[in-house]
Amino acid sequence: MDFRNPPNISRRSFLHRTAPILGAGALTSTIRDLRLINAAMAQAVTPDYKALVCIFLSGGNDANNLIIPTLTDEYANYASIRTPVLALPNTDGSAATALAMNSTNPDGHTYGMNPACPELRTLFNNGKLASVFNVGTLVYPMTKAQYNANSVPKPPQLFSHSDQVTQWQTSIPDQPPSSGWGGRCADLLDSLNPRNGTLPTDPAKLSLAVSLAGANTLEVGGVVQQYSVSTSGVVALSALTPASTTRDAALKSILGIDKAQADMLVSNYALALDHSVSTGSALSTALSSSQMAASFWGTANNYGNWSSSNTTDAQIITPNGGSTFTSGLMTQLRMIAKIIEAGYRGAGVNNGLGMKRQIFFCQVGGYDTHTSQTNSATSAQTNANVIIGSQANLLAELSQCMNKFQNAMAALGTQYGDTNFEKYVTSFTSSDFGRTFPSNSLGSDHGWGSHHLVMGGAVKGGKTYGKFPSLQVGGPDDTSTGRWIPTTSVDQFAATLASWFGVTGSNLNTVFPNLKRFNTPNLGFV
């Protein structure tokens, strides 16, 4: 929680903001179940370290140009619809040619990755990255015939940014949002983490759910409160910056009095603020000792194939001649790497926190590419200018950032003598939705199903999962305008990640109430 301006937050406002976290809403019974299960999970789950990292591509990524078909006939069909504005080259041998993905599970098709993503292609070919095709929000499995006949319930407000973001992050499109699937996982597994006290009921030293992008729905739970951190570290109370012993003592005295009040509103407000202050102090101390991640990020390496140098540790090399820009996503992932290092170290080891489970959320905007997706409106399939435009820069950023982060995890394993460390951290992309297959000016419109990436040492990489859509406007996978009806649900995608994270058996149906509607609850990519 962000308490940078506490005087402006009334108790009424505080409780209003945290109402979903306190258990109000349509999922009350689910949250009650998670409370009951939580304590038992500490004994049932192996207490190794695991972290999930959500990279949210805000605006709706055009995955039709992230991964393309490369068989001659299939590519010709792709190019005929996306030409002249959006089609990626595949035959001219230029710098814009799609990058071959050497899948180890040939399904009779071949695929290429956007030429702005050489790092992601290398991760895929090296078995550290998997692609999951045509994922989207679904209430039930749906065919085109069912879509047209309205014989199966559809997710409400399809193609709406805010609604689809919420549904992606809750995985329950047919219920009012009151918690996210990450928050429900956190509720279930929170007892694995060390407490800030001697009792099991004491709060954890650090929230299992940490956000680098402010409040989000994914991490809203009934037990665990998400904790916001800035890219430069803990957000401190302004009255304590710079640190003042007198002010600190005064605040703690006030909180001590309020925590003992009979008025539950007063005591709960004070308890939450007191825990936030103590959590910030412990995390700040732990981060000051996270030297490996800081050192790795400050070294000019692993930034990509467009250039061998950089000017800052958050610099991105664009694919259009080597210009650079500063990446907010890179700074978020850098801080996540530092918190992972702090959390992984055992309690008391170089100020480590001794965490066992962590979920992180970061976000990058700009993916609502109605225009300027490319800067070329003619002969795109033979013109290197197709990789000059907003999406090329966005995907170059994603590629270099994910690569840098994965290499940082490997470096942490080397530093701490744990060759399995890369297997402890799994990163994945999410987005509002995909985009239409036909162009819209120099971009594309709001869509539905989309392709996503999963990265990490535990990932069964170098493979594709799910069904690639038939790239035909009006075809069997299209609603009518090049919007793909998902063949993999968010429930299946998220449940596969949650299962790896430690949510197993019947508990998966508690976290994902709609999962039983789909035949394959675990897609097997991790």
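The values are calculated or read from the model by the stated rules, or taken from the named source; none is laboratory data. Note that the structure is predicted; figures quoted are calculated from it, not measured. Counting neighbours? That spans all protein chains shown, and the Cβs are built from the backbone with ideal geometry, glycine included.
Applying the set (1) touching a residue at least 60 places away in the same chain (Cβ under 8 Å); (2) out of contact with any Cys (no Cβ under 8 Å at 6 or more places or on another chain) to P156 leaves exactly one unmet item: (1). G221 meets the conditions (1) under 30 Å from T414 (Cβ atoms); (2) at pLDDT 65 or above; (3) of a type outside the set (D, E); (4) not in a helix (DSSP H, G or I) in every case but one. The failed one is (1).
Within region 220-248, residues that are at positive phi sit with their Cβ atoms under 6 Å from residues that are at pLDDT below 90, at 6+ positions apart or across chains, in these pairs: G233/L287. Listed here are the helices (runs of 4 or more DSSP H) enclosed by region 76-178 that have at least 1 residues being in contact with a strand residue (DSSP E or B) (Cβ under 6 Å, 6 or more places away or on another chain), buried (at least 16 other Cβ atoms within 10 Å of the Cβ) and aromatic (F, W, Y): 118-125, 161-170.
Residues being of a type in the set (D, E) and within 24 Å of Y140 (Cβ to Cβ): count how many of those fall in region 439-490. Lay out the reasoning, then the answer.
Pass one, region 439-490, residues of a type in the set (D, E): 445, 477-478.
From what is left, the residues that are within 24 Å of Y140 (Cβ to Cβ) are 477-478.
The qualifying residues number 2.
For region 467-492, a residue qualifies if it is part of a loop (DSSP other than H, G, I, E, B), over 26 Å from C54 (Cα atoms) and either in contact (Cβ under 8 Å) with a residue 12 or more places away in the chain or touching a Leu at 6+ places or on another chain (Cβ under 9 Å) (or both), and the qualifying residues are L471, Q472, V473, P476, D477, T479, T481, G482.
Taking region 179-202 as the range and being crowded, with 22+ Cβ neighbours inside 10 Å and either in contact with a helix residue (DSSP H, G or I) (Cβ under 8 Å, 6 or more places away or on another chain) or farther than 24 Å from A494 by Cα (or both) as the test, the residues that pass are S179, G180, W181, G182, R184, C185, D187, L188, L189, D190, S191, L192. Taken over region 440-450, the criterion of being among the polar types (S, T, N, Q) and either crowded, with 24+ Cβ neighbours inside 10 Å or in a strand (DSSP E or B) (or both) is satisfied by N440, S444, S450. Within region 493-512, the set of residues being free of Cβ contacts under 8 Å to residues at least 12 places away in the same chain and either over 28 Å from N420 (Cβ atoms) or crowded, with 19+ Cβ neighbours inside 10 Å (or both) comprises S506, N509. Of everything in region 387-433 that is under 15 Å from F360 (Cβ atoms) and of a type in the set (F, W, Y), the residue that is surrounded by the most Cβ atoms within 10 Å (Cβ to Cβ) is F405. Taken across region 451-466, residues that are among the β-branched types (V, I, T), touching a residue at least 24 places away in the same chain (Cβ under 8 Å), more than 25 Å from C362 (Cα to Cα) and surrounded by fewer than 23 Cβ atoms within 10 Å (Cβ to Cβ) do not occur at all. Take the conditions at pLDDT 95 or above, buried (at least 17 other Cβ atoms within 10 Å of the Cβ) and assigned to a loop (DSSP other than H, G, I, E, B) and apply them to A236. Does it pass? Criteria not met by A236. The set of residues from region 162-171 being among the hydrophobic types (A, V, I, L, M, F, W, C) and in contact with a helix residue (DSSP H, G or I) (Cβ under 8 Å, 6 or more places away or on another chain) comprises just one member, W168.
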